[in-house]
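Participant: This structure is in structure tokens; I'll ask about it shortly.
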Amino acid sequence: MALLTVCGMAQAQVVFDFSTDNAYELFGFTGFSSSTDNFGDFTEDGSVTSGDVTITVSPSGKSNANRMWSGSLRMYGGTLTVASNGEKITSINFVLNSSKWGDANTANVGTLGKGEWTGEAEEVVITVAANTQIKSMTVNLGGEVPTPTPTIDWTSSAEAPLTVAAVLEKAAQLQGGETSGKDVYVKGLISEITEIGTINQSTGEPYGNATYTIVDDPGTAQGLVVFRGFGLDGAKLAEGDIKVGDEVVVVGVIKNYVKDEVSTIEVNQGNKIYSLNGETAGGDTPGPQPTEGERGDGSLENPFNYLAAIKAASALEAGAKSEQDYYIAGKISQIKYTFSAQYGTATFFISDDGTTENQFQVYSTYYLGNRAWVEGDTQIAVGDTVIVCGKIMNYNGNTPETVSKESFIYSLNGVTDGGNPEPPTPGIDWTSSAEAPLTVAALIEKASKLEGGAKSDVEVFVKGIVSEMVEMSIEHGNATYYISDDGQTENQFYVYRGKGLGGENFTGTDTLKVGDEVIVVGFITNYVKDEVSTLEFATGSKLYSLNGQTEPQPVEYELEGAGQLDDPYTIADIQHIGNVKENGITGWVMGYIVGYADGSMKNSVFGVEAPEGKEVLETNILLAASADETDAANCIPVQLSKQFDMREVLSLKAVPENLGKKIWIQGEFLTYFSVPGVKNVADWSFDGQTITTAVNNLPTASSNQTIYNIAGQRVKTINRSGLYIVDGKKVVVK
């Protein structure tokens with residue numbers, strides 16, 4: 001049942017399915033591997049044949065064995081060989097488990113991308129570089145290599161916009177992640193508004209964009225999503241500017257957006273309304289747009305182009321840098337400063353086509369491998385194709401660019417391994433293994449011999465105890481921490497942005513903590529920045545073992561609450577809900593107000609006194625299970641919007657007396673400050689019974705009901721929005 005061969009006149013397909021209940025039998029195993037068993041481990045080459053195709057899996061040669069796991073073939077190294085005894089192989093398509101695919105995987109022939117190989121060969125050897133999990137693979141034989149997506153005619157104009165149906169029909173030809181490549185005019189009626197007036201938590205101001213759906217007529221079920229678009233002539237939108245039933249002509253790039261294997265056809269972020277109910281902004285038809293338009297979401301798989309990078313940076317406050325790193329791709333169009341051995345960095349511009357008309361500045365960036373450039377490394381040149389990774393900013397509010405010395409070239413003309421690899425540092429014996437790891441003391445002694453910018457030529461296994469946690473990023477799935485031989489902070493070693501067991505993402509703030517015994521495996525580097533040298537595990541290290549376990553353990557947790565006012569979720573419940581990525585659940589949570597996050601959880605402030613030179617923020621509060629909590633890892637952040645005078649009632653800036661108070665809050669549980677938190681707060685209560693919320697109106701006070709306004713004056717009727725005291729309870733009126 002795991003193998004299927006389909007033959008046709010011009011082409012045959014052979015399917016290997018590794019997701020069935022007995023898929024381990026394909027290779028002659030007696031069972032699957034698991035966290036406790038290794039029945040499905042490849043200790044020697046394993047082969048299976050169907051029709052004219054034979055696939056062979058070799059051992060990984062790494063600490064994690066290639067193995068048959070329930071639901072997928074998991075490979076961490078070694079080779080996957082696909083051979084045909086008949087027609088030549090023209091393509092191989094892989095269905096992946098959780099998008100796991102080693103970015104550095106290579107093939108001996110043809111073209112290999114994430115989950116796909118194309119070419120023409122009798123044998124294809126894929127060398128696996130990192131965690132790759134295959135649920136099934138389809139091998140296509142004979143016939144012609146699949147033809148490229150035909151050219152799509154996106155012709156449109158303000159005077160002759162496309163219908164929603166026409167856009168959806170054309171966009172159906174786009175592959176996942178592809179765009180129209182230019183702006184398209186589309187006309188429709190607004191059928192639903194998903195988001196408008198969302199607040200930028202760093203500034204307290206609205207973003208000014210909206211997400212909504214348009215259709216050709218009210219009775220049409222299928223619509224087109226307009227994602228985070230702006231108003232007429234690109235003006236900011238506020239609640240009430242657009243409404244369901246409005247007729248609009250929208251102009252923007254069409255994209256087949258894919259997330260979690262779900263595809264959505266949409267008008268990409270940054271679009272704008274050309275006309276609203278027949279009215280334009282009074283100007284001329286929008287001028288010519290950049291040929292390619294905005295592209296990418298800033299990930300490695302779908303990097304920003306120059307225009308998307310400019311827009312993302314321009315949206316930041318003047319001088320503020322992005323919280324996350326972004327990948328930006330393009331061609332070097334102009335060089336301001338080439339790399340030099342003195343500074344180790346370079347400054348240049350990139351654009352889509354290598355011209356200087358429209359470009360983005362890459363300022364003071366490091367070289368491949370996120371290290372300083374040294375003599376002998378390949379120098380950059382105009383026309384080089386690069387992918388840059390790092391933080392971005394809007395310098396002085398008018399210059400979008402990467403942050404100085406907080407970015408590096410991830411790829412230079414397709415090379416990602418350092419260009420001219422450094423020779424192994426002489427005299428350093430890095431010999432180690434999972435069974436015989438180095439001690440931290442031995443590692444420090446060896447690493448101290450590395451020159452600035454140099455790196456070990458092999459991965460090193462080191463055993464230690466977590467002595468200090470620096471950062472746990474659930475958003476990026478990595479952790480920065482220190483280890484030592486005795487768990488103390490003296491003689492400790494730095495692990496920078498390491499992954500969890502088997503290279504998997506960390507999924508919770510409690511999945512690694514001080515006192516845990518670990519074996520870490522990765523490359524050791526002497527990282528130099530601003531003339532300061534740091535010995536560390538380079539980015540990309542992972543845990544081989546955690547407290548003796550070498551495989552991720554299943555999350556076992558039973559929610560204490562039910563999310564109701566009389567049975568709310570606990571703080572631990574919300575952290576678990578976020579940890580297993582069940583974001584979007586709505587309900588009640590109960591906790592104590594203990595402080596606020598000053599831009600990030602690692603800058604949490606406990607109490608009502610702001611750090612020197614700053615003011616108490618009113619945009620969020622921290623909840624904990626006890627009123628005296630001072631560890632951010634045990635807290636969840638709650639976003640406070642400007643709606644319903646929420647900040648005036650709940651923030652510590654407005655009401656310092658709220659510190660230590662127990663509160664029930666109803667909202668949506670989403671990632672906030674890179675950890676599980678609460679957004680879109682709707683209701684709250686300080687006693688677990690009386691709900692304070694936004695109400696449209698209240699009746700005239702009865703003989704036994706008293707109403708006071710914020711000035712302390714007793715009133716008979718509430719006839720305007722604001723904060724009131726009704727029978728001794730605070731009530732916010734919308």
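The values are calculated or read from the model by the stated rules, or taken from the named source; none is laboratory data. The shown structure was predicted, so the numbers you read here are calculated from the model rather than taken from an experiment. Glycine gets a Cβ as well: all are built from the backbone with ideal geometry, and neighbour counts include every protein chain shown.
Participant: Cβ contacts < 8 Å: first residue modelled with pLDDT under 85, restricted to the range 4-31; second residue surrounded by fewer than 15 Cβ atoms within 10 Å (Cβ to Cβ) and not in a loop (DSSP other than H, G, I, E, B), any location; separation 6+ or different chain. Result?
Facilitator: What qualifies is Ala12/Thr5; Ala12/Val6.
Participant: Could you please give the count of residues in the range 423-472 that are over 20 Å from Val518 (Cβ atoms) and touching a Phe, Trp or Tyr at 6+ places or on another chain (Cβ under 8 Å)?
Facilitator: Residues that pass the stated criteria total 3.
Participant: Of all residues in the range 515-538 being in contact with a Gly (Cβ under 8 Å, 6 or more places away or on another chain) and over 20 Å from Pro437 (Cβ atoms), which is surrounded by the fewest Cβ atoms within 10 Å (Cβ to Cβ)?
Facilitator: Looking at the filtered set, the residue picked out is Ser533.
Participant: Pairs only if they're at least six apart or on different chains, beta carbon under 6 angstrom, first in the range 593-614 and in contact (Cβ under 8 Å) with a residue 40 or more places away in the chain, second surrounded by fewer than 15 Cβ atoms within 10 Å (Cβ to Cβ) and part of a helix (DSSP H, G or I); list them, first residue then second.
Facilitator: Val608/Pro656
Participant: Something else: Give me the pairs: first residue in the range 431-454 and outside any loop (DSSP other than H, G, I, E, B), second residue among the small types (Gly, Ala, Ser), beta-carbon distance under 7 Å, and six or more apart or on different chains, which are they?
Facilitator: Leu438/Ser432; Val440/Gly464; Val440/Ser484
Participant: For Val649, work out the one condition from (1) outside any helix (DSSP H, G or I); (2) modelled with pLDDT of 90 or more; (3) surrounded by fewer than 19 Cβ atoms within 10 Å (Cβ to Cβ); (4) touching a Ser or Thr at 6+ places or on another chain (Cβ under 8 Å) it doesn't fulfil.
Facilitator: (1)
Participant: Would it be correct to say that Ser202 is assigned to a strand (DSSP E or B), over 25 Å from Val244 (Cβ atoms) and at pLDDT below 85? Walk me through how you get there before you give the answer.
Facilitator: Details: assigned to a strand (DSSP E or B): no; over 25 Å from Val244 (Cβ atoms): yes; at pLDDT below 85: yes.
No: the conditions fail for Ser202.
Participant: Ok, one more. Out of (1) under 27 Å from Trp154 (Cβ atoms); (2) part of a strand (DSSP E or B); (3) at pLDDT below 90, the odd one out for Lys336 is which?
Facilitator: (1)
Participant: Among the candidates Glu536, Glu471, which residue alone is farther than 21 Å from Gly453 by Cα and not aliphatic (A, V, I, L, M)?
Facilitator: Exactly one residue qualifies, and that residue is Glu471.
Participant: When the residues of the range 449-483 are filtered to those that are within 26 Å of Tyr327 (Cα to Cα), of a type in the set (D, E, K, R) and at pLDDT 85 or above, which remaining residue is surrounded by the fewest Cβ atoms within 10 Å (Cβ to Cβ)?
Facilitator: Glu471
Participant: Against the condition over 21 Å from Val528 (Cα atoms), in contact with a strand residue (DSSP E or B) (Cβ under 6 Å, 6 or more places away or on another chain) and either of a type in the set (Asp, Glu) or not assigned by TED's automatic domain parsing to the domain that holds Asn526 (or both), how does Ile332 come out, does it pass?
Facilitator: Against the criterion (over 21 Å from Val528 (Cα atoms), in contact with a strand residue (DSSP E or B) (Cβ under 6 Å, 6 or more places away or on another chain) and either of a type in the set (Asp, Glu) or not assigned by TED's automatic domain parsing to the domain that holds Asn526 (or both)), Ile332 qualifies.
Participant: Let me ask another. Is there a residue in the range 713-727 that is in a strand (DSSP E or B), modelled with pLDDT under 90, buried (at least 19 other Cβ atoms within 10 Å of the Cβ) and touching a helix residue (DSSP H, G or I) at 6+ places or on another chain (Cβ under 7 Å)?
Facilitator: No, that holds for no residue.
Participant: Could we say that Tyr482 is within 26 Å of the chain's Cα centre (by Cα) and either among the small types (Gly, Ala, Ser) or more than 11 Å from Ser541 (Cα to Cα) (or both) here?
Facilitator: Considered against the rule, which asks whether it is within 26 Å of the chain's Cα centre (by Cα) and either among the small types (Gly, Ala, Ser) or more than 11 Å from Ser541 (Cα to Cα) (or both), Tyr482 comes out as yes.
Participant: Among Asp325, Asp352, Asp384, which is the only one that is in contact with a Cys (Cβ under 7 Å, 6 or more places away or on another chain) and among the charged types (D, E, K, R)?
Facilitator: Result of the check over Asp325, Asp352, Asp384: Asp325.
Participant: Can you tell me which residue within the range 311-331, out of those that are part of a helix (DSSP H, G or I) and surrounded by 22 or more Cβ atoms within 10 Å (Cβ to Cβ), is farthest from the chain's Cα centre (by Cα)?
Facilitator: Ala313
Participant: Okay, moving on. Cβ contacts < 6 Å: first residue outside any strand (DSSP E or B), restricted to the range 487-504; second residue buried (at least 21 other Cβ atoms within 10 Å of the Cβ) and at pLDDT below 90, any location; separation 6+ or different chain. Result?
Facilitator: Gly502/Asn64
Participant: Regarding Ser364, is this residue under 23 Å from Asn302 (Cα atoms), in contact with a strand residue (DSSP E or B) (Cβ under 6 Å, 6 or more places away or on another chain) and not hydrophobic (A, V, I, L, M, F, W, C)?
Facilitator: no
Participant: Follow-up question, since we're still on this one. It is to be established whether one or more residues within the range 341-356 are surrounded by 18 or more Cβ atoms within 10 Å (Cβ to Cβ), out of contact with any Asp or Glu (no Cβ under 7 Å at 6 or more places or on another chain), part of a strand (DSSP E or B) and hydroxyl-bearing (Ser, Thr, Tyr).
Facilitator: Yes, that holds for at least one residue.
Participant: A further question on this structure: Could you grab the pairs with beta carbons closer than 7 Å, sequence gap of 6+ or different chains, first residue in the range 35-56 and in the same structural domain as Gly78 (by TED's automatic domain parsing), second one exposed (fewer than 13 other Cβ atoms within 10 Å of the Cβ) and among the hydroxyl-bearing types (Ser, Thr, Tyr)?
Facilitator: Cβ pairs passing all conditions: Phe39/Thr30.
Participant: Taking the range 652-681 as the search range and keeping residues that are in a loop (DSSP other than H, G, I, E, B) and either in contact (Cβ under 8 Å) with a residue 24 or more places away in the chain or closer than 15 Å to Gly563 by Cα (or both), which one is nearest to the chain's Cα centre (by Cα)? Please lay out each step first, then the result.
Facilitator: Initially, the range 652-681 is screened for residues in a loop (DSSP other than H, G, I, E, B), giving 652-655, 659-661, 673-674.
When the remaining residues are screened for being either in contact (Cβ under 8 Å) with a residue 24 or more places away in the chain or closer than 15 Å to Gly563 by Cα (or both), the result is 652-654, 659-661, 673-674.
Values: Leu652: 31, Lys653: 31, Ala654: 34, Leu659: 33, Gly660: 34, Lys661: 34, Phe673: 13, Ser674: 10 Å.
Out of the qualifying residues, it is Ser674.
Participant: For residues that are surrounded by fewer than 20 Cβ atoms within 10 Å (Cβ to Cβ) and of a type in the set (A, V, I, L, M), scanning just the range 620-645, find the one that is farthest from the chain's Cα centre (by Cα).
Facilitator: Only one residue tops the list, namely Ala627.
Rundown of residues vs (1) farther than 30 Å from Tyr410 by Cα; (2) of a type outside the set (S, T, N, Q), yes/no style:
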{"position": "Thr54", "(1), (2)": "yes, no"}
{"position": "Asn66", "(1), (2)": "no, no"}
{"position": "Thr81", "(1), (2)": "no, no"}
{"position": "Ser84", "(1), (2)": "yes, no"}
{"position": "Phe94", "(1), (2)": "no, yes"}
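Participant: Suppose we filter Thr365, Thr378 for residues that are touching a residue at least 40 places away in the same chain (Cβ under 8 Å) and part of a strand (DSSP E or B); which single one remains? Steps first, answer last, please.
Facilitator: Details: Thr378 fails: part of a strand (DSSP E or B).
Of Thr365, Thr378, the one residue that is touching a residue at least 40 places away in the same chain (Cβ under 8 Å) and part of a strand (DSSP E or B) is Thr365.
Participant: Looking only at the range 52-71, filter to residues that are at pLDDT below 90 and closer than 20 Å to Val95 by Cα; which one of those is surrounded by the most Cβ atoms within 10 Å (Cβ to Cβ)?
Facilitator: So, considering only residues that are at pLDDT below 90 and closer than 20 Å to Val95 by Cα, the one surrounded by the most Cβ atoms within 10 Å (Cβ to Cβ) is Trp69.
Participant: Go through the residues of the range 84-97 one by one and say whether even a single one is over 26 Å from the mean Cα position of the chain (by Cα), under 28 Å from Phe461 (Cβ atoms), buried (at least 17 other Cβ atoms within 10 Å of the Cβ) and touching a residue at least 24 places away in the same chain (Cβ under 8 Å).
Facilitator: Within the range 84-97, none of the residues are over 26 Å from the mean Cα position of the chain (by Cα), under 28 Å from Phe461 (Cβ atoms), buried (at least 17 other Cβ atoms within 10 Å of the Cβ) and touching a residue at least 24 places away in the same chain (Cβ under 8 Å).
Participant: Right, something else. Name the residue, out of Thr151, Thr155, Thr198, that is without any contact (Cβ under 8 Å) to a residue 60 or more places away in the chain, closer than 30 Å to Ser322 by Cα and either among the aromatic types (Phe, Trp, Tyr) or not assigned by TED's automatic domain parsing to the domain that holds Ser63 (or both).
Facilitator: Details: Thr151 fails: closer than 30 Å to Ser322 by Cα; Thr155 fails: closer than 30 Å to Ser322 by Cα.
Just one listed residue meets the conditions, Thr198.
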